[in-house]
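Enquirer: Here's a structure for you.
Every number here is computed from the coordinates shown, using simple stated rules; none is lab data. Note that the coordinates shown come from a computational prediction; the quantities given were computed from them, not determined experimentally. Note: ideal-geometry Cβ built from the backbone for every residue, glycine included; neighbour counts use all protein chains shown.
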Amino acid sequence: MNKKSGTSKDAADKLVTGIKRKTRKQYSAEEKIRIVLAGLRGEESIAALCRREGISESRYYTWSKEFLEAGKQRLAGDTARQATSPEVKELRSESAALKEVVADLTLENRLLKKSMIGDGGCEA
C-alpha cells in the first residue's frame, strides 16, 4: 500500500510541475528592458526588484547580460540580424521577378542581334 500512495504522489507532482511550466509568465522584450533598466538605475536593490517582479535574481542577471551585450554589439556597428519568414518570402518573390525580367531582356537582345545579322547588317 505504501508503494501505491508513493506513485500517486509522484504522478501528482508531475502534474503540478507540468501545470506550473505551462502557466509560467512569459515576459515581452519591453518588460525585460523595463526590469533591467530599473535594476540599472539602482533605486532599489536587485533582490527587492526581483521579488516585486516575481523573477529570480539569476533570471534578472541573465537578462541584464543579454541587454548589455546587445547594446555593445549595436554600438560596435554589428547590426546583422536574422530575416523573418515574411521577409524571406518577399525577397524570394522579388528575386524570381528580377530573374524573369533578365531572361526576357536577354532573349530580346539575342533576337535583335540575330535579326541584324540576318538582314545583312553589320556583324558584331
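Enquirer: Rounded, prolate or oblate: pick one for segment 10-52, where a ≥ b ≥ c are the square roots of the eigenvalues of its C-alpha gyration tensor, a/c under 1.5 means rounded, and failing that, prolate if a/b is larger than b/c, else oblate.
Expert: Numbers: a/c = 6.55, a/b = 2.36, b/c = 2.78.
Verdict is oblate for segment 10-52.
Enquirer: Using the Karplus curve 6.51 cos²θ - 1.76 cosθ + 1.60 with θ = phi - 60°, work out ³J(HN,Hα) for each residue of segment 34-49 in order, rounded to whole Hz, and write x for Gly and Pro.
Expert: 4, 5, 5, 5, 5, x, 6, 5, x, 6, 9, 5, 5, 4, 5, 4
Enquirer: Springs between alpha-carbon pairs under 10 angstrom, Gaussian network model over the chain: which of Ser85, Ser64, Ser45 fluctuates most?
Expert: Answer for the Gaussian network model of the chain: Ser85.
Enquirer: If I build a Gaussian network model for the chain, linking alpha-carbon pairs within less than 10 angstrom, which residue out of Thr23, Thr106, Thr62 has the largest mean-square fluctuation?
Expert: Fluctuation is largest for Thr106.
Enquirer: Add +1 for every Lys or Arg and -1 for every Asp or Glu among the other residues with Cβ under 12 Å from the Cβ of Lys25, and state the total.
Expert: +4
Enquirer: Write out the GluC sites (Glu not before Pro) in segment 28-103 meeting two conditions: DSSP loop, and at most 14 other Cβ atoms within 10 Å of their Cβ.
Expert: Glu43, Glu44
Enquirer: Something else about it: What percentages make up the Cα-Cα pair-distance distribution of the chain when the bins are 10 Å wide from 0?
Expert: The calculated distribution, bin by bin, is 10, 17, 15, 16, 13, 10, 8, 7, 4, 1, 0.
Enquirer: Counting each DSSP H run of 4 or more residues in the chain as -39500 (n - 2.57), what helix-only mean residue ellipticity at 222 nm follows after dividing by all residues, to the nearest 500 deg cm²/dmol? Provide the component values of the computation, followed by the final result.
Expert: Working: 5 runs with 95 residues, N = 124.
Only helices count here, giving -26000 deg cm²/dmol.
Enquirer: For segment 27-80, go through all pairs of different Cα atoms, get the mean of 1/r, take its inverse, and jot down that Kirkwood value in Å.
Expert: 11.7 Å
Enquirer: Cut-off 10 angstrom, C-alpha nodes, Gaussian network model of the chain. Which of Lys113, Lys32, Lys65 fluctuates the most?
Expert: Top of the fluctuation ranking is Lys113.
Enquirer: Enter the per residue convex hull volume of segment 82-124, computed from alpha-carbon coordinates, in Å³ rounded to the nearest integer.
Expert: 47 Å³
Enquirer: Count charges around Ser45 for me, please; just the other residues with Cβ under 14 Å from its Cβ, Lys/Arg as +1, Asp/Glu as -1.
Expert: Net local charge, Ser45 excluded: -1.
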